[in-house]
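Read the structure below first, then the notes.
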Amino acid sequence: MVRIAFPTEKGGLEDNIYPRFGRAPTFTIIDIEKKQIKNVKIVENPGYRASGGAGVKAVQLLANEGVEIVMGPTPGPNAYFALNNAGIKHYPVQGLNVKEAVEAFLREDY
Amino acid sequence: MIEISIASGKGGVGKSLLAAHLALLLSGKRRLVAVDADAEAPNMNIVLGIKDWDRVIEHYEGRRAFVLDDECTGCGECLKACQFGAIRVVDGKYVVDRWLCEGCYTCSFVCPVKAVRFERDVLAGWIRIKEKTRWGFPLVSAEIVPGRPNSGKLVTEARNKGREIFREAEIMFLDSAAGIGCQVIASLAGSHAAILVAEPTRASISDLKRIIRLTQHFRIPSMIVINKYDLNMQLYRELKKIANENKLYYLGEIPYDEEVPRSYVSMKPLIEYSPDSKATIALRRIAERLDNILSRFDEWRLEYLPEAYKPFEPIVIRPDKTLG
Amino acid sequence: MTSIAVTGGKGGTGKSLVATSLATLLSKNIDDLVLVDADLEGPNDHVILGIEELENREPITLFLPMIDTTKCTRCGVCVKICDTGALFMAGKAYPIVFPRLCSGCKACYYACPYGAIRGAGHILGYTYVTPVCFGGRCFKLVTGMLIEGEEHTPPGVYRTLQRALELKPELLIVDTGAGTGNAVSMGFRDSDLVIVVTEPTPLGAHDLDSILEVTDAMNKQVWLVVNKYGIGDITILETVLRRHRVEKIFHIPYDKAVVEAYAYSKPLIIHYPSSPASRALMKISDELMGWIKH
Ligand code: SF4
Ligand code: SF4
């Protein structure tokens with residue numbers, strides 16, 4: 001099983017990937033097992049409401065949720081460092097919705 | 001959408017003048033949206049002569065401490081612990097200064113009787129929206145509550161609103177916040193290009209150098225416009241040299257022109273108030289050049305991308321007993 | 001000690017010109033005068049005064065947590081409490097610190113139930129104390145300056161003011177930063193008199209309104225200086241002034257000498273003493289002297 005997160009607005013498979021990482025209102029977290037979507041979960045991003053340090057707060061959430069991969073826009077330098085530290089991989093994607101991104105992930109296997 | 005920040009370090013060098021006129025002059029040719037993120041002194045609407053708004057959204061954020069008078073025993077621990085000087089004694093009582101409180105929890109931790117409480121989601125600013133200006137493009141403008149902390153959140157919110165109300169726009173012009181603090185970082189981070197505005201004065205040159213360090217940090221390809229360039233030829237040459245050394249694209253220069261302040265008073269954009277003035281002609285030329293760049297943006301971007309990524313290294317010193 | 005703040009809302013109104021000129025003029029009569037350049041994001045009083053090199057540098061050091069791994073139980077309390085996102089914990093590893101995000105508030109230090117946070121430091125910027133002398137009369141210029149890329153201006157302003165107070169001046173003049181945020185309101189929070197500099201344009205009027213909103217709420221005594229008098233229409237300011245409390249109003253005429261003095265870093269009142277703008281500044285300084293005495 002692999003757990004992937006996507007920055008989103010309202011969240012869900014049909015939602016578009018949000019153009020900014022730390023300031024996304026929600027993250028859509030998806031479990032993939034045997035090339036199938038197993039589980040879809042939408043969590044609120046504490047970074048969205050933060051005055052500062054949004055990116056790091058977002059990564060903290062992802063780390064707490066046990067996310068292994070995040071697909072979306074490039075995070076800022078602090079968030080990038082935090083992602084590395086937490087061992088979460090980042091795959092850059094933009095302009096897709098979540099479902100399309102999952103399909104791309106499954107197809108290309110990155 | 002290509003997001004272009006117009007930044008200057010300090011205010012008062014013609015940043016809003018340029019931002020407003022670029023939007024105005026290019027609006028006939030391109031779909032664009034203008035965002036005024038200079039939340040401590042938003043004045044793009046004034047340069048454009050816009051007096052009313054279609055919508056005003058209140059922006060709530062953060063928290064603020066207050067001390068319960070009845071429970072406070074007057075021990076003064078909070079005053080000693082606050083790192084922002086936000087706690088003061090007024091008539092023998094400890095009071096949190098509502099202007100200075102940053103909303104961290106320090107005072108509440110040190111208070112032995114738990115007399116510090118928090119007020120949440122305080123009014124922090126406003127986002128004002130004009131769906132369609134006379135020239136067709138929408139304008140979004142952010143403003144903080146005077147005297148309260150400025151925030152990257154409000155800037156981000158305004159940028160989001162800008163993109164939301166006009167999703168099909170090709171370009172967003174962002175009148176960036178003044179200074180070099182977190183608001184500027186929130187306006188620059190994620191911008192595709194920056195236009196730096198400077199004037200030939202020592203103060204503006206040192207501001208420019210600071211802002212260049214930031215654009216290099218974020219790897220934002222940048223252009224430069226020199227305002228009031230004929231004020232001091234020696235410093236003008238120095239500015240051009242700095243532009244050259246830092247790989248800034250030279251977008252143009254605007255002469256000193258007394259029609260500019262007069263146009264502010266008239267509440268009309270300069271190009272309408274004084275269509276033949278020296279500054280108007282210069283602004284038109286600058287807009288044309290920018291339009292050319294936008295037509296081959298990707299190519300331009302690659303050419304002017306700051307090469308050396310200069311990571312920002314904070315200066316950290318070792319643990320020390322005197323610090324806590 | 002008497003404390004005066006000079007502020008102005010947006011940048012470019014001539015706030016620094018007024019502050020530096022008043023300091024220069026008043027230092028003729030006042031021995032221990034300190035001028036504070038509290039515009040940490042772009043200090044330029046020294047530039048206007050024609051000073052090449054700032055002196056007596058001292059770092060502005062903020063608290064920065066350092067985790068003592070012999071005591072830390074990895075409970076995660078500090079990470080939850082930190083408001084700025086400066087602490088981060090991957091899984092069950094020890095928390096790590098992001099110095100640039102940290103505001104030095106010290107909340108984590110007080111929150112840690114195990115006393116596992118030790119104080120280290122993070123240099124936000126520098127303060128300088130530079131003697132400035134004209135014609136044998138001197139005052140001290142205290143300058144605060146952030147290191148580029150640093151974001152936490154208000155604590156820096158606070159430290160800069162503290163350094164100025166340590167000099168125990170008889171008269172303190174604070175030149176606040178531009179804008180209306182709390183880095184600015186902090187600059188005039190403790191002043192006996194606030195001098196607001198504005199210009200007679202709609203831009204000036206808007207910012208004047210914002211700044212007077214704050215001075216009213218703080219119950220400050222306010223004098224207004226209308227700079228570049230003559231370029232605009234003074235009636236624009238009248239609607240704003242009707243809403244607020246302002247005790248005195250001065251005018252500085254629009255004067256090419258100001259632009260020239262600024263462009264060539266020559267203090268206006270030293271190099272152009274008989275220009276109309278200089279004479280207006282001298283008048284303000286005289287009135288101030290009277291106000292200070294009584
Ligand atoms: S609060 Fe103290 S013990 Fe808990 S994780 Fe932080 S440093 Fe470690
Ligand atoms: S001092 Fe304040 S801002 Fe810095 S890490 Fe601790 S809680 Fe966060």
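Within segment A:76-84, one or more residues are surrounded by fewer than 17 Cβ atoms within 10 Å (Cβ to Cβ), part of a helix (DSSP H, G or I) and among the polar types (S, T, N, Q). For residues in segment A:25-60 being part of a strand (DSSP E or B), aliphatic (A, V, I, L, M) and buried (at least 19 other Cβ atoms within 10 Å of the Cβ), which is farthest from the other protein chains (Cβ to nearest Cβ)? Of everything passing the filter in segment A:25-60, A:Ile30 is farthest from the other protein chains (Cβ to nearest Cβ). Taking segment B:171-287 and the helices (runs of 4 or more DSSP H) fully enclosed by it, the elements with 2 or more residues that are among the acidic types (Asp, Glu) and either out of contact with any Ser or Thr (no Cβ under 6 Å at 6 or more places or on another chain) or at pLDDT below 90 (or both) are at B:233-245.
Among the residues of segment C:88-107, just one is near ligand 1 (Cβ under 10 Å from one of its atoms) and surrounded by 24 or more Cβ atoms within 10 Å (Cβ to Cβ), namely C:Pro95. When each of C:Tyr272, C:Tyr229, C:Tyr264 is tested for being within 18 Å of C:Gly8 (Cα to Cα) and of a type in the set (Phe, Trp, Tyr), the lone residue that passes is C:Tyr229. With respect to C:Gly135, determine if the residue is more than 16 Å from ligand 2 (Cβ to nearest atom), within 30 Å of C:Glu287 (Cα to Cα), more than 8 Å from every other protein chain (Cβ to nearest Cβ) and modelled with pLDDT under 90. So C:Gly135 passes the test. The listed residues are B:Glu199, B:Glu164, B:Glu157, and the only one of them that is free of Cβ contacts under 8 Å to residues at least 12 places away in the same chain and either farther than 26 Å from B:Glu245 by Cβ or within 11 Å of chain C (Cβ to nearest Cβ) (or both) turns out to be B:Glu164. Residues that are closer than 26 Å to A:Glu68 by Cα and in a helix (DSSP H, G or I) were ranked within segment C:66-120; the one that is nearest to the chain's Cα centre (by Cα) is C:Ile81.
Within the option set C:Thr20, C:Thr24, C:Thr73, being away from chain A (no Cβ under 14 Å), within 28 Å of A:Ala58 (Cα to Cα) and in contact (Cβ under 8 Å) with a residue 24 or more places away in the chain holds for one residue only, C:Thr73.
What's the total number of residues in segment C:247-291 that are among the polar types (S, T, N, Q) and touching a residue at least 40 places away in the same chain (Cβ under 8 Å)?
Going through segment C:247-291, the residues among the polar types (S, T, N, Q) turn out to be C:265, C:274-275, C:278, C:285.
Of the ones still in play, those that are also touching a residue at least 40 places away in the same chain (Cβ under 8 Å) are C:265, C:278, C:285.
Residues meeting the conditions: 3.
From the list C:Ala116, C:Ala111, the lone residue that is more than 7 Å from ligand 2 (Cβ to nearest atom), aliphatic (A, V, I, L, M) and more than 10 Å from every other protein chain (Cβ to nearest Cβ) is C:Ala116.
Is it true that C:Cys75 is within 11 Å of ligand 1 (Cβ to nearest atom) and surrounded by 21 or more Cβ atoms within 10 Å (Cβ to Cβ)? It would help to see each step written out before you state the result.
Working: within 11 Å of ligand 1 (Cβ to nearest atom): yes; surrounded by 21 or more Cβ atoms within 10 Å (Cβ to Cβ): no.
No; evaluated as a whole, the condition is false for this residue.
Take segment C:55-65 and flag every residue that is more than 13 Å from ligand 1 (Cβ to nearest atom) and either within 11 Å of another protein chain (Cβ to nearest Cβ) or outside any strand (DSSP E or B) (or both). Can you show your working first?
Within segment C:55-65, the first condition is being more than 13 Å from ligand 1 (Cβ to nearest atom), and the residues that meet it are C:55-64.
Answer for segment C:55-65, where residues must be more than 13 Å from ligand 1 (Cβ to nearest atom) and either within 11 Å of another protein chain (Cβ to nearest Cβ) or outside any strand (DSSP E or B) (or both): C:Glu55, C:Asn56, C:Arg57, C:Pro59, C:Ile60, C:Thr61, C:Leu62, C:Phe63, C:Leu64.
Given the criteria touching a strand residue (DSSP E or B) at 6+ places or on another chain (Cβ under 6 Å) and of a type in the set (Lys, Arg), does B:Lys130 qualify?
Details: touching a strand residue (DSSP E or B) at 6+ places or on another chain (Cβ under 6 Å): yes; of a type in the set (Lys, Arg): yes.
Criteria met by B:Lys130.
Residues considered: C:Val157, C:Val129. Of these, the only one that is more than 16 Å from ligand 2 (Cβ to nearest atom), of a type in the set (A, V, I, L, M) and surrounded by fewer than 21 Cβ atoms within 10 Å (Cβ to Cβ) is C:Val129.
Taking the options C:Gly85, C:Gly42, C:Gly121, name whichever one is away from ligand 2 (no atom under 16 Å from the Cβ), modelled with pLDDT under 95 and crowded, with 21+ Cβ neighbours inside 10 Å. Explain how you work it out, then say what you get.
Details: C:Gly85 fails: away from ligand 2 (no atom under 16 Å from the Cβ); C:Gly121 fails: away from ligand 2 (no atom under 16 Å from the Cβ).
Within the list C:Gly85, C:Gly42, C:Gly121, the selection yields C:Gly42.
Here is a yes/no grid of residues against (1) touching a residue at least 40 places away in the same chain (Cβ under 8 Å); (2) touching a Gly at 6+ places or on another chain (Cβ under 7 Å); (3) under 22 Å from B:Met1 (Cβ atoms):
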position: A:Arg3; (1), (2), (3): yes, yes, no
position: A:Pro7; (1), (2), (3): yes, yes, yes
position: A:Ile37; (1), (2), (3): yes, no, no
position: A:Gln60; (1), (2), (3): no, no, no
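Going through (1) away from chain B (no Cβ under 11 Å); (2) modelled with pLDDT of 85 or more one by one, C:Gly91 falls short only on (2). Exactly one residue among B:Ile224, B:Ile195, B:Ile254, B:Ile242 is more than 22 Å from A:Gly47 (Cβ to Cβ), crowded, with 19+ Cβ neighbours inside 10 Å, of a type in the set (Val, Ile, Thr) and touching a Lys or Arg at 6+ places or on another chain (Cβ under 8 Å), and that residue is B:Ile254. Scoring B:Gln83 on the criteria (1) farther than 25 Å from C:Gly179 by Cβ; (2) in contact with a Phe, Trp or Tyr (Cβ under 7 Å, 6 or more places away or on another chain) leaves a single failure, condition (1).
Does C:Ser191 count as touching a His at 6+ places or on another chain (Cβ under 9 Å), within 29 Å of B:Pro42 (Cα to Cα), assigned to a loop (DSSP other than H, G, I, E, B) and in contact (Cβ under 8 Å) with a residue 12 or more places away in the chain? No: the conditions fail for C:Ser191.
Taking every residue in segment C:87-98 that is more than 13 Å from A:Gly55 (Cα to Cα) and among the charged types (D, E, K, R) and pairing it with any residue that is more than 10 Å from ligand 2 (Cβ to nearest atom) and not in a strand (DSSP E or B), at least 6 positions away or on another chain, the pairs with Cβ-Cβ distances below 6 Å are C:Lys92/C:Arg74. Within segment C:204-225, can one find any residue that is more than 12 Å from chain B (Cβ to nearest Cβ) and free of Cβ contacts under 8 Å to residues at least 12 places away in the same chain? There is no residue in segment C:204-225 that is more than 12 Å from chain B (Cβ to nearest Cβ) and free of Cβ contacts under 8 Å to residues at least 12 places away in the same chain.
Looking across C:Thr153, C:Thr130, C:Thr160, one residue alone is polar (S, T, N, Q), within 21 Å of C:Ile270 (Cβ to Cβ) and under 26 Å from the mean Cα position of the chain (by Cα). It is C:Thr130. In segment B:94-118, the qualifying residues are those that are closer than 19 Å to C:Thr84 by Cα and not in a loop (DSSP other than H, G, I, E, B), and the one that is farthest from the other protein chains (Cβ to nearest Cβ) is B:Phe118.
Restricting B:Pro149, B:Pro138 to residues that are assigned by TED's automatic domain parsing to the domain that holds B:Gly28, surrounded by fewer than 24 Cβ atoms within 10 Å (Cβ to Cβ) and touching a residue at least 60 places away in the same chain (Cβ under 8 Å) narrows the list to B:Pro138. Among the residues of segment B:65-93, those identified as part of a strand (DSSP E or B) and either surrounded by 13 or more Cβ atoms within 10 Å (Cβ to Cβ) or more than 14 Å from chain C (Cβ to nearest Cβ) (or both) are B:Ala65, B:Phe66, B:Val67, B:Ile87, B:Arg88, B:Lys93.
The values are calculated or read from the model by the stated rules, or taken from the named source; none is laboratory data. Here the structure is a predicted model, which means the values were calculated and not measured. Glycine also receives a Cβ, built like all others from the backbone with ideal geometry; neighbour counts cover every protein chain displayed.
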